[in-house]
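Notes to accompany the following structure.
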Amino acid sequence: MNDKPVLNRREVIQRTAAVGVGVIASVPGGVFAADPSGQRVQSRGYAAFDATGELRPWSFERQPVGDYDILIDIRYASICHSDIHQMKGHWGAQQYPQVPGHEIAGVVKAVGSKVSRFKPGDRVGVGCMVDGNPACASFQQGEEQYCPDTVFTYGYPQEDSPTGISQGGYANNIVVNEHFAVHIPPGIELAEAAPLLCAGITTYSPLMKFDLQPGDRVGVAGIGGLGHLAIKLAVAKGAEVYAFTTSPDKVEDIRGFGAKQVVIVDEPQRLAEFGPRLDYMISTIPVDYDIAAYASTVKPTGYFTQVGMPENFAMTLNGLALSVSRVNFNVSLIGGMRETQEVVDYCVSEGLRPEIQIIKAADINKAWEQVVRKQARYRFVIDAATI
């Protein structure tokens, strides 16, 4: 967008041996780029400093506000399991210090000279992407997430970043290209809007691509931050929703989200007993598991979409079991910017809200432990005023 060089995905892979991760640190404490022109933005946030993933306060600098950029005062940033995977190096070696966070809601503080979509004071959201190349074919088709030179919100090589990589939303501010921000309409609190920028779009996009129709039987596997929103979105579209969880203490909550039936998966037999009756299943499970066992609940030639990403992006696929179920298996990556604005607007208009718990920044590490133990109910949201 700003005519600056950006490493493409192939270069990232060559430097990290993993897709979707930050560059390998070659100097302890991070590699700092040469001083760019313009005034850097002073920032503070919570960063990981090594693969233990423990977050500590960190003062750092962001790139100057470019012609097409906006500076956002972050008010809230919510916690995604992806933050934990990446900071702990589950998805490949990382450069540290690194600030996670890609569910961001705030208010525009300043705009670049060529910005046309926003003005100071606007309520905005930022998800998993902060910059990209408009010449990319996927960009032009509204699927910016598939462009090789899209800059993801944290841990990605970023030429104009003083730290050499993008730094995320567990911070007091962020600079992004205006194309990668969405308007947050009146009628929703910023704290409630933040989870829609990843959890919301990650579940909404595949549901829409499935062409969900009223009366369709939809399964949702894994009822956490993503899964509970998948239930609410599918129910709002008229689907008959079946929820699959390993947490018996969530059953009443799940029924309250609108699920017709809750299946407690305490052993594989439960899935076999359920039988192939679903038209579609979306799985938000972020660890390796037996995909074929869950896919067996889908009708032959039905669809199964995986959105949760386990360690090393590795998933167990039993070819024989999948061949018997004849399910159409696919994996989905977030969603494009048009769809992201669409899901925010839809949730506001339909009164759909994520279930959130607002926390202070000092409690982030504790909250991460609760996410891993499946104790979050259902999205922790950091109050940026406490950073």
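Average projected area of the Cα convex hull of segment 57-156, in nm²?
Numbers: hull surface 29.3 nm².
That works out to 7.3 nm².
Under a plain spin-label model, where a point goes 7 Å from the Cα along Cα-to-Cβ, how far apart in nm are residue 146 and residue 50?
About 4.1 nm separates the two model spin labels.
Between helix 225-236 and the chain, what is the angle of the helix's C-alpha long axis to the longest principal axis, kept within 0 to 90° and rounded to the nearest 10?
For helix 225-236, the angle is close to 60 degrees.
What does the net charge come to around residue 335 if you take all other residues with beta carbon closer than 11 Å to its beta carbon, with K and R at +1 and D and E at -1? Can you show the working numbers first?
Working: positive: 209, 338; negative: 143, 144, 339, 342.
Here the count lands on -2.
Strictly under 4.7 angstrom between C-beta atoms: which cysteines of the chain have no such partner?
Result for the chain is 80, 128, 198, 347, no neighbouring Cys Cβ within the cutoff.
Count charges around residue 90 for me, please; just the other residues with Cβ under 14 Å from its Cβ, Lys/Arg as +1, Asp/Glu as -1.
Local net charge: -3.
Quick one: what does P(r) look like for the chain with 10 Å bins over all Cα pairs, in whole %?
Going out from 0 Å in 10 Å bins, the chain shows 5, 25, 34, 24, 10, 2, 0 percent.
Would you work out which of 310, 238, 320 lies farthest towards the positive end of the dipole of segment 215-320, given +1 charges on the beta-carbon of Lys and Arg and -1 on that of Asp and Glu, about the Cα centre?
Towards the positive end, the residue furthest out is 238.
Could you tell me what % of all Cα pairs in segment 283-387 have separations over 22 Å?
54 percent
Any chance you could run the full-extension gain for residue 114 through residue 350? It's 0.36 nm times the residue separation minus the Cα-Cα distance, nm to one decimal.
On the way: separation 236, 0.36 × 236 = 84.96 nm, distance 3.39 nm.
This chain segment gains 81.6 nm when fully extended.
Mind checking the per residue accessible area of the chain for me, 1.4 Å probe, whole number of Å²? Could the numbers behind the result be given before it?
Numbers: 15420 Å² over 387 residues.
The answer is 40 Å² per residue.
How much of the accessible area of segment 191-299, probe 1.4 Å, is carbon plus sulfur, in whole percent? Intermediate values should be presented prior to the final figure.
On the way: 1720 of 3650 Å².
Whole-percent figure for carbon plus sulfur exposure: 47.
Taking 0.36 nm per residue of separation and subtracting the Cα-Cα distance, what length does fully extending residue 246 through residue 360 add?
Working: separation 114, 0.36 × 114 = 41.04 nm, distance 2.85 nm.
Length gained between residue 246 and residue 360: 38.2 nm.
Rounded to a whole number, what % of the accessible area of segment 130-171 do carbon and sulfur atoms account for, probe 1.4 Å?
Numbers: 540 of 1130 Å².
Here it works out to 47 percent.
The values are calculated or read from the model by the stated rules, or taken from the named source; none is laboratory data. Since the model is a prediction, treat every value here as computed from it, not as a measurement. A quick note on method: Cβ atoms are made from the backbone with ideal geometry, for glycine too, and the neighbour counts reach across all protein chains shown. SASA here: full protein model, heavy atoms, side chains in, ligands and nucleic acids out. Shrake-Rupley method; radii C 1.70, N 1.55, O 1.52, S 1.80 Å.
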